[in-house]
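Reading through the structure tokens given below for one structure.
Derivation of every value follows stated rules applied to the coordinates shown; laboratory data play no part. Not measured: the values here are computed from a predicted model. Every residue, glycine among them, receives a Cβ derived from its backbone with ideal geometry; neighbour counts consider all protein chains shown.
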Amino acid sequence: MSKKNGCDEKQLVLFHYDELNKEQRQQLQAHLETCSSCRTGLEQLQASLAAIPPYNLQLNQDQKNDFTARVVAGTQRRSRSTLPTWGGALTAACALTLAVIFFNPAPPADPVMLNGPTLADLEILEQFELLEDLELLQDLELLEELEDLG
Amino acid sequence: MKMAVEKALLEQARNGHESAFAQLVDMYSEKTINLAWRLIGQRDDAEEIAQEAFLRFFRSLAKFRGDSSVGTWLYRTVTHLAIDHLRRERLKRRIFFFRSGDSEQADPLDMAADPAASPQELFLARETAGRMQQILNNLPAQQKAVFVLRHSEELPLKQIADILSLKEGTVKTHLHRAVKRLREEFSRTKDDSL
């Protein structure tokens, strides 16, 4: 279905969802009376959307109470003073620094004999960090959409 | 009436009344969890996202001016959190070949089954619904969000544009692309079953 001869699939979608203004709706209805291709397209569109299972989760009161309790508990955890958290973090950082200074091992002669993380593991760690970069994730999605458009 | 109750609870919650905040959570928990579930498809993750949205709301109580309703604020936050989650999961699947989905969680295909249908009808309906669900799951996150918000939540496109901070034209395009993919898959499924 192309945009020639007034056929516009996007308009059919908007018509189905009642998102056209009065004038656009009337124009499309007039077009549908004369265009069997668009009438078929609309029927197929509506049939395909009807095939999507409805998602409707119903929570009973116990489940709602349980969820509310978890949320409230979460607010209390976050409300507690952050000083112990910062203090703990500082202590850990100091301990780590001291450990590196005093226990800094000599580099092994043969890198193959490394028992620590392999290069593959380190690469995976870097890739995990990519998952935190929301801008990167958004850009990747945009690239995929452009790819789909060809 | 509901708005007046919400306003009163909001004021009490701002003044530190825990029970008022708990009542607000209770008012919106089902809708919020439902929205998250419709967007990401995993019940446990959906509850976590809904929980996070409420916690963020709690933290911003003092600044919440009431320009939009609590529901709209939560919808916006849940949608953004869900989109971030979907993008991460998608990338994880590509990098690490993760299989998403926990077979023990509630299956919307089971919930939608028509008890009066014959076994063959049930099988075909389930097959079609499964494929449509697969297409939905594979949509880009923002496209899926627009589709779910329009189709399942029945929000007008103007409101969806506001929630996602997009132009209305962009939202219309996302909706069209999502529906186009679903229609193509549906046609393919029908042809395969003949």
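Some observations on this one:
- The mean of 1/r over all pairs of different alpha-carbon atoms in the range A:21-82, once inverted, gives a Kirkwood hydrodynamic radius of 16.8 Å.
- Inter-label distance for A:Ala69 and B:Glu154, nm, one decimal - labels placed 7 Å from Cα along Cα-to-Cβ: 3.4
- Counting only other chain Cβ atoms within 10 Å of each residue's Cβ, the peptide B:76-85 averages 1.
- Ranking of B:Glu89, B:Glu127 by neighbouring Cβ atoms within 10 Å, starting from the fewest: B:Glu127, B:Glu89.
- Computed from backbone phi with θ = phi - 60° and the Karplus coefficients 6.51, -1.76 and 1.60, the 3J(HN,Hα) list for the range B:145-161 is 4, 4, 5, 5, 5, 7, 6, 8, 8, 6, 7, x, 4, 4, 5, 4, 4 Hz; x is used for glycine and proline.
- Axis of helix B:18-40 versus longest Cα principal axis of chain B: the two differ by about 20°, to the nearest ten degrees.
- Neighbour-count order for B:Ile95, B:Ile83, fewest beta carbons within 10 angstrom listed first: B:Ile95, B:Ile83
- For the set A:Lys22/B:Lys63; B:Lys92/B:Lys167; A:Lys10/B:Lys63, the pairs lying more than 32 angstrom apart at their alpha carbons are A:Lys22/B:Lys63; A:Lys10/B:Lys63.
- Counting neighbouring beta carbons within 10 Å and listing from fewest to most, the residues B:Ser19, A:Ser48 come out as B:Ser19, A:Ser48.
- Our analysis of chain B gives Rg over Rh at 1.02, with the two radii drawn from alpha carbon positions and Rh computed by the Kirkwood formula.
- Value at 222 nm in deg cm²/dmol, rounded to 500, when DSSP H runs of n ≥ 4 in chain B each add -39,500 (n - 2.57): -25000 deg cm²/dmol
- Folded to 0 to 90 degrees: helix B:2-14 orientation relative to chain B principal axis, Cα: 60
- Average partner coverage of B:123-135, which counts Cβ from other chains inside 10 Å: 2
- Peptide A:60-71, shielding by other chains (average Cβ, 10 Å cutoff): 5
- The calculated FRET efficiency for B:Ile95 paired with A:Asn60, based on their beta-carbon distance and R0 = 51 Å, is about 0.85.
- Crossing angle, helix B:43-59 versus chain B [Cα axis fit, 0-90 degrees, rounded to tens]: 20
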